[in-house]
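First comes the structure, then the notes that go with it.
The values are calculated or read from the model by the stated rules, or taken from the named source; none is laboratory data. Because the structure is a prediction, the values reported are computed rather than measured. Cβ placement follows ideal geometry from the backbone for every residue including glycine, while neighbour counts extend to all protein chains displayed.
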Amino acid sequence: MSERRIGFIGTGIMGAPLVGHLLRGGCRVTVHSRTRAKAEPLLVQGATWADTPAGAAAEIDVLFVMVTDTPDVEQVLFGENGAAAVLPRGTVVVDLSTISPSGTRSIAARLAEQGVDFLDAPVTGGDVGARNATLTILVGGRAEAFDRVRPLLEQLGRRIVHVGPSGAGQALKACNQVLCAVNLMGVCEALLLARSAGIAPEVLIDALSAGAGGSWALANYGPRMAAGDMAPGFMVKLQQKDLRIVQEAGQAAGVVMPATALAQQMFRSVEARPGGGELGTQAMITAYRHLCGNGDEQPTRPSHRT
Ligand code: NAP
């Protein structure tokens with residue numbers, strides 16, 4: 001395939017390993033990110049640094065964006081030294097970030113005026129999926145543009161789904177975030193209940209992961225909760241950003257989501273503590289522990305023999 005010259009903006013937890021896969025796949029990759037230090041290991045692997053988004057978008061076939069939120073995507077494209085100013089007709093921009101579906105459609109319409117395709121391509125599978133190139137990628141936008149970049153997406157993920165027109169990938173990602181957030185509450189509650197019954201978290205995870213109660217969250221976040229490892233992963237503040245997108249979409253469509261709202265409140269409790277927003281989402285367990293009156297300690301069971 002010809003799409004070998006790649007620009008990549010945003011080399012954080014998710015972006016950095018994805019750039020590594022593209023480099024190992026034989027692509028020439030120019031990277032830009034707000035904090036250059038996070039891109040340094042990629043420069044050792046062969047990526048080229050650009051000081052601005054426009055610099056990362058010069059003389060490329062495909063531009064990947066993996067930043068934080070809707071305003072960030074708008075900024076790297078249309079802000080000062082933004083990429084859009086230098087993108088030639090026929091370029092495809094692939095936005096791997098999780099942003100709002102309506103914001104996505106606006107960006108796509110704006111870029112379409114200059115003959116540039118904008119595909120929303122949010123991912124799921126976590127930091128583990130990014131490192132192992134096992135992500136699921138949910139794509140919205142023109143089928144012709146999707147077909148062109150599909151071989152590149154296959155270097156980054158295992159399951160690549162063209163969902164529909166612009167914004168459809170982000171709309172489905174919002175659904176995914178509902179599943180993740182609500183499922184995580186179940187994982188926390190099950191682990192606490194097991195503990196109160198004298199069952200170690202490792203036993204629960206091992207015994208139940210392959211059954212009907214098993215989930216990605218249980219298999220991946222359960223062990224981190226058990227070990228007290230709250231490093232991100234997926235930061236609480238990013239999950240809250242996603243749940244805001246979810247609630248906006250739900251409100252606009254009249255869909256009632258009380259379980260999602262409850263998950264938001266649990267994450268808000270984590271965020272309320274210093275540094276809480278930067279913890280991984282598995283830190284929801286700490287909010288539950290406070291509710292159980294045990295602070296950072298594992299709850300102990302009031303004896304069922306009494
Ligand atoms: P992250 O580690 O914070 O990475 C985002 C990167 O984008 C950071 O390096 C950040 O720079 C850079 N950035 C943000 N705004 C920028 C701007 N205006 N100009 C230049 N660079 C900018 O977050 P992440 O976990 O990789 O998540 C990235 C996206 O993927 C988010 O939309 C998130 O919701 C989504 N996502 C994450 C996961 C996960 O498990 N982590 C899973 C699925 C989807 P700084 O380093 O200076 O902050």
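Looking only at the stretch 193-203, decide whether some residue is surrounded by fewer than 19 Cβ atoms within 10 Å (Cβ to Cβ), at pLDDT 95 or above and at positive phi.
yes
Condition (residue is surrounded by fewer than 23 Cβ atoms within 10 Å (Cβ to Cβ), of a type in the set (A, V, I, L, M), touching a Phe, Trp or Tyr at 6+ places or on another chain (Cβ under 7 Å) and not assigned by TED's automatic domain parsing to the domain that holds A252) applied to the stretch 94-105: is it met by at least one residue?
So far as the stretch 94-105 goes, no, none of its residues is surrounded by fewer than 23 Cβ atoms within 10 Å (Cβ to Cβ), of a type in the set (A, V, I, L, M), touching a Phe, Trp or Tyr at 6+ places or on another chain (Cβ under 7 Å) and not assigned by TED's automatic domain parsing to the domain that holds A252.
Of the numbered conditions (1) among the hydroxyl-bearing types (S, T, Y); (2) near the ligand (Cβ under 8 Å from one of its atoms); (3) farther than 25 Å from M235 by Cβ, T30 fails exactly one; give the number of that condition.
Result: T30 fails condition (2) only.
If I ask for residues that are loosely packed, with under 14 Cβ neighbours inside 10 Å and within 16 Å of the ligand (Cβ to nearest atom), which ones from the stretch 245-281 would you list?
G275
Got a number for residues in the stretch 50-73 being assigned to a strand (DSSP E or B) and more than 20 Å from the chain's Cα centre (by Cα)?
1
Please verify whether S106 is away from the ligand (no atom under 13 Å from the Cβ), polar (S, T, N, Q) and under 25 Å from Q240 (Cβ atoms), treating the condition exactly as stated.
So S106 fits the description; yes.
Can you tell which of A174, A194 is in a helix (DSSP H, G or I) and touching a residue at least 40 places away in the same chain (Cβ under 8 Å)?
Sole residue among the options that is in a helix (DSSP H, G or I) and touching a residue at least 40 places away in the same chain (Cβ under 8 Å): A174.
So which of A108, A50, A56 ends up being assigned by TED's automatic domain parsing to the domain that holds N132, within 20 Å of A145 (Cβ to Cβ), free of Cβ contacts under 8 Å to residues at least 60 places away in the same chain and in contact with a His (Cβ under 8 Å, 6 or more places away or on another chain)?
Unique residue meeting the criteria: A56.
Considering only residues that are farther than 17 Å from Q155 by Cβ and surrounded by 22 or more Cβ atoms within 10 Å (Cβ to Cβ), look in the stretch 123-141 and name the one that is farthest from the ligand (Cβ to nearest atom).
Taking the candidates together, the pick is G141.
Cβ contacts < 7 Å: first residue over 17 Å from I6 (Cα atoms), restricted to the stretch 65-90; second residue among the charged types (D, E, K, R) and near the ligand (Cβ under 8 Å from one of its atoms), any location; separation 6+ or different chain. Result?
These pairs meet every condition: D69/K241.
Considering (1) in contact with a helix residue (DSSP H, G or I) (Cβ under 6 Å, 6 or more places away or on another chain); (2) more than 10 Å from the ligand (Cβ to nearest atom); (3) among the hydrophobic types (A, V, I, L, M, F, W, C), say which one I99 fails and leave the rest.
Failing condition for I99: (2).
Considering each of A112, A85 in turn, give the residue that is within 16 Å of the ligand (Cβ to nearest atom) and among the hydrophobic types (A, V, I, L, M, F, W, C).
After ruling out the rest, the residue left standing is A85.
List the strands (runs of 3 or more DSSP E) that sit entirely inside the stretch 86-141 and contain at least 2 residues that are modelled with pLDDT of 95 or more and under 24 Å from A231 (Cβ atoms).
135-140
Quick one: is G213 at pLDDT 95 or above and within 16 Å of the ligand (Cβ to nearest atom)?
So G213 fails the test.
When the residues of the stretch 216-242 are narrowed to those that are in a loop (DSSP other than H, G, I, E, B) and away from the ligand (no atom under 11 Å from the Cβ), which ends up nearest to the chain's Cα centre (by Cα)?
A231
Condition first: within 11 Å of the ligand (Cβ to nearest atom), farther than 22 Å from A174 by Cβ and assigned to a loop (DSSP other than H, G, I, E, B). Can you find one or more residues in the stretch 41-49 that meet it?
no
Considering only the stretch 106-119, state which residues are surrounded by fewer than 18 Cβ atoms within 10 Å (Cβ to Cβ) and at negative phi.
Residues satisfying the conditions are S106, A109, R110, A112, E113, Q114.
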